[in-house]
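Worksheet: one structure, shown below.
Each reported figure results from applying straightforward, stated rules to the coordinates on display, with no laboratory input. Note that this is a predicted model, so its numbers are computed, not measured. We place every Cβ from the backbone using ideal geometry, glycine too, and count neighbours over all the protein chains shown.
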Amino acid sequence: MCRNIRVLYNFEPETTDDEIQAAALQYVRKVSGMTKPSLANEAAFDRAVHEIAHITQHLLADLVTAAPPKDREAEAEKRRARAVARFG
């Protein structure tokens, strides 16, 4: 999975629309191989980002769990620690 796409489920506070949009954008960039589409592809690219973000919102709303919500700061600290261990 693309390292820039993070788990969005089961956080307190809830995942924001901006986080979902950013994940959708990263996914479409990865799949298409484009960071910025040409004018000819811009509409298709933007439509894909919008549709994936929409479906992701539905997915997150429909998932159920008995696990307690994760803490955003604790998860961010774990990511930072992994980055230090990996890159020094």
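Here are a few things to note about the model shown:
- Residues of the range 6-24 with amide N under 19 Å of the 7 Å Cα→Cβ point at Val64: 9-11
- In a fully extended conformation the segment linking Glu75 and Val7 would gain 23.5 nm over its present Cα-Cα distance, using 0.36 nm per residue.
- Charge dipole (Cα centre; +1 on Lys/Arg Cβ, -1 on Asp/Glu Cβ; no other charges) of the chain amounts to roughly 660 debye.
- Degrees separating the helix 39-62 axis from the principal Cα axis of the chain, which is the longest one: 30 degrees
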